[in-house]
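Note sheet for the following structure.
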Amino acid sequence: MRGADRIDTQEKQLLNHTADKEQRPLPGRSNHAGNQSQPDKKLQEAICVLLVELCERFTFFGIVCNMILFCTVKLGYRNYQAAIVNMCFVGTSMLTPVLVGWLAECLVGRIKLVCICMFLHFLGTALLPVVAFPFEDIYIDRRHILHTLTKREQKIVFYFALLTASLGIGGIRAIVCPLSAYNLEDCGPKELLSFFNWFYWLINLNSAVVFVSISYIQQSVARNLGFLIPFVSVLMAMITIHMVRGEMIYKPKTDSSLLTTFGVIASALKMCYVRYRYFSGGVTNWLDHAKENYGGQYSETQVESTKSLARLFPLFAFQILYRTCIMQIPSGYYLQTMNSNLNFSGFVLPVAAMNVISIVPLLILVPILECINSYLFSSKDTGHSPTIYIVVGQLSAALSVMVAGFSEIHRKHFPQVEQTLSEEVLLVSSMPCFHLAPQYILLGVAEALVTPSCSLLSFRLVPERIRGISMHFLTLFNGAGCFMGAFFVQTTHAGTQGNWFPHLLHEGKLERFFFFLASLMMVNTLGFWTIAHRYNNLNQEYTNELRGNLPEEKLLKHEKAIKHYDSVLE
């Protein structure tokens, strides 16, 4: 009995030490707010992180909203080139948080790296007005112009500004505003889905303000000073970070990383090859080859976590083509709107203002979805998976692209008129731009259904220790969808000699590109529908299989077993 008591005492000390270690203040966070209660402190941190997130998205959407118009009118790009630049910038801004997160974890300190990223963001948004500023309109006297940037110099500065801005965006999203900073570890499926719904609702509300205000300023009132607004917005973000820098910089747990996940996969592939070549026999899962028990280099917990993440790879893969369809809003749909009649009762609407039509369904659907989720996520059915939302959302995206093809055919039946955009006279269709509203609405419905649901599955259906990595992989595949859209534009333009993605829309067949993309998206939707059942009960499977593999929970189970053994002896 004394031996059992001694083991019981030692394990309690180990568990208490682990709990104290987890509750210890993280480096980089100040402890001066001792008089402030813990809930108030967490609320203040969440509000500050959300403000920085909104400021960063404000700058991002301010750069993206009229980039195609700027590239075609100011830099002289053709339509397909401007669309490729826009999609590549969005894709790069999605991939850089993963890169910066890895740098912060392995090579550079978080505080130092966030300062570097804020400087890069400041530099990028400050250089964009240099490209847009009308040097040719400023004279020293009647003979000499102040200074004029050549087209080549403008393009060099423009690309450098986009690169530095995207790197800065990655640092802010990965270090200052990760999802881990919102303390979602103890939330259930219903609370998580509610959080993601309202989180993306706020982001889209912010983007609606940007698309209406900044796009109008850039296009009509002061088009050459419009890029100064992202510059002012990033100053707001820097001031916010400076005010609460002791509470803002979140330091996540370092017990798992992207390198560990890739290492497990590489080790499993290596051992699979060795065993196939020289040995016989197998294991239940090919990733088990990476375990130390089978000759690998990784622990059972690391391999089991990677196995749970690998189950989500099909979900991530089916998001690539969906993200390509979503990227038609700032590319193909934008070109359609730019070549339609924007006059509304004598007022010329900003081109990017049509994006608000795709945001309105999301703003309306979120409260409705909250009521539906309250019914679906009952106390007796906590394992419900919203895969049906993803299927319906992807189907809505496919229908949107198909409607865009028919709208393009319809647009060509109207006579052409002259329209002035950014002081440039363009020959466009006389069809009112509001005829394009159905395709925007369908994509808005798709975003309201798909994005929060995918975030919920990616965050919930993996162990807590790798939830950040799971969200990184979702971001990687979304970024791949942006580059996939740029690849489709380039290949279709080259393969059809500019006929499927023309510079002058009335002389080409842009509708064929939309029909081609819609057919691919229909196949993608059917493919995901066939595997959607894999994620219906995955939450229960994770609860039963993976939680028992964590060392702390093994100790708790062992402690309970010892107590039960003591009671039996008594």
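The values are calculated or read from the model by the stated rules, or taken from the named source; none is laboratory data. Since the model is a prediction, treat every value here as computed from it, not as a measurement. Methodologically, a virtual Cβ is constructed for each residue, glycine included, from the backbone with ideal geometry; neighbour enumeration extends over all protein chains shown. Ligands, DNA and RNA are stripped out before the accessible areas are found, and what is left, the full protein with its side chains, is counted by its heavy atoms. Shrake-Rupley method; radii C 1.70, N 1.55, O 1.52, S 1.80 Å.
Using the structure shown, decide if LEU75 is touching a strand residue (DSSP E or B) at 6+ places or on another chain (Cβ under 7 Å), under 18 Å from LEU421 (Cβ atoms) and aliphatic (A, V, I, L, M).
For LEU75, the condition - touching a strand residue (DSSP E or B) at 6+ places or on another chain (Cβ under 7 Å), under 18 Å from LEU421 (Cβ atoms) and aliphatic (A, V, I, L, M) - is not met.
Is it true that PRO502 is under 23 Å from the mean Cα position of the chain (by Cα), touching a residue at least 40 places away in the same chain (Cβ under 8 Å), surrounded by fewer than 22 Cβ atoms within 10 Å (Cβ to Cβ) and farther than 26 Å from LEU362 by Cα?
no
Residue under question is GLY479, and the condition is that it be assigned by the TED database to the domain that holds TYR322, more than 22 Å from the chain's Cα centre (by Cα) and surrounded by fewer than 23 Cβ atoms within 10 Å (Cβ to Cβ); does it hold?
When the stated conditions are applied, GLY479 does not pass them.
Go through (1) aliphatic (A, V, I, L, M); (2) open to solvent by 10 Å² or more (accessible area, probe 1.4 Å); (3) within 25 Å of the chain's Cα centre (by Cα) one by one and return the number of the condition ILE466 breaks.
(2)
Which residue out of ALA268, ALA290 is more than 25 Å from PHE528 (Cβ to Cβ), buried (at least 23 other Cβ atoms within 10 Å of the Cβ), touching a strand residue (DSSP E or B) at 6+ places or on another chain (Cβ under 8 Å) and at pLDDT below 90?
Working: ALA268 fails: touching a strand residue (DSSP E or B) at 6+ places or on another chain (Cβ under 8 Å).
Of the residues listed, the single one that is more than 25 Å from PHE528 (Cβ to Cβ), buried (at least 23 other Cβ atoms within 10 Å of the Cβ), touching a strand residue (DSSP E or B) at 6+ places or on another chain (Cβ under 8 Å) and at pLDDT below 90 is ALA290.
Mind listing whichever residues of the stretch 71-90 are open to solvent by 10 Å² or more (accessible area, probe 1.4 Å) and farther than 24 Å from ARG173 by Cβ?
THR72, VAL73, LYS74, GLY76, TYR77, ARG78, TYR80, GLN81
Can you tell me which of LEU167, LEU179 is open to solvent by 40 Å² or more (accessible area, probe 1.4 Å) and either out of contact with any Leu (no Cβ under 8 Å at 6 or more places or on another chain) or modelled with pLDDT of 70 or more (or both)?
Criteria check complete, one pass: LEU167.
Of everything in the stretch 370-397, what is modelled with pLDDT under 85 and in a helix (DSSP H, G or I)? Give them in sequence order.
GLU370, CYS371, ILE372, ASN373, SER374, TYR375, LEU376
Do we find a residue being β-branched (Val, Ile, Thr), open to solvent by less than 10 Å² (accessible area, probe 1.4 Å) and over 26 Å from LEU526 (Cα atoms) anywhere in the stretch 440-456?
No, the stretch 440-456 contains no residue that is β-branched (Val, Ile, Thr), open to solvent by less than 10 Å² (accessible area, probe 1.4 Å) and over 26 Å from LEU526 (Cα atoms).
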